[in-house]
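Beneath this line is the structure, given in structure tokens, with notes to follow.
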């Protein structure tokens, strides 16, 4: 059961990450990046407290965060306000 819930968590952040990478609407890109970053941070926090060896997913999270930062700087997307990012967590 735990493996199934872990797979759901992995898919959740990967889905948002992929949506940000493939967003073609420049007006939606900053929000997509913010949503993906929030999901990555939340999952990293979960893994920090999770037992066992999660090094592969932790590395994937680090790589994804780096790619999102590169995407943001490439398209010069401003960081959204705290209010925008908090909507994702709700």
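Brief remarks follow.
- Ordering of 31-41, 10-20, 63-73 by packing [mean C-beta count within 10 Å, highest first]: 31-41, 10-20, 63-73
- Calculated FRET efficiency, residue 21 to residue 46, Cβ-Cβ distance, R0 = 25 Å: about 0.70 to the nearest 0.05.
Bear in mind these aren't lab numbers, they're just calculated from the coordinates by the rules spelled out. Predicted, not measured: the structure shown is a model, and the values here were computed from it. We place every Cβ from the backbone using ideal geometry, glycine too, and count neighbours over all the protein chains shown.
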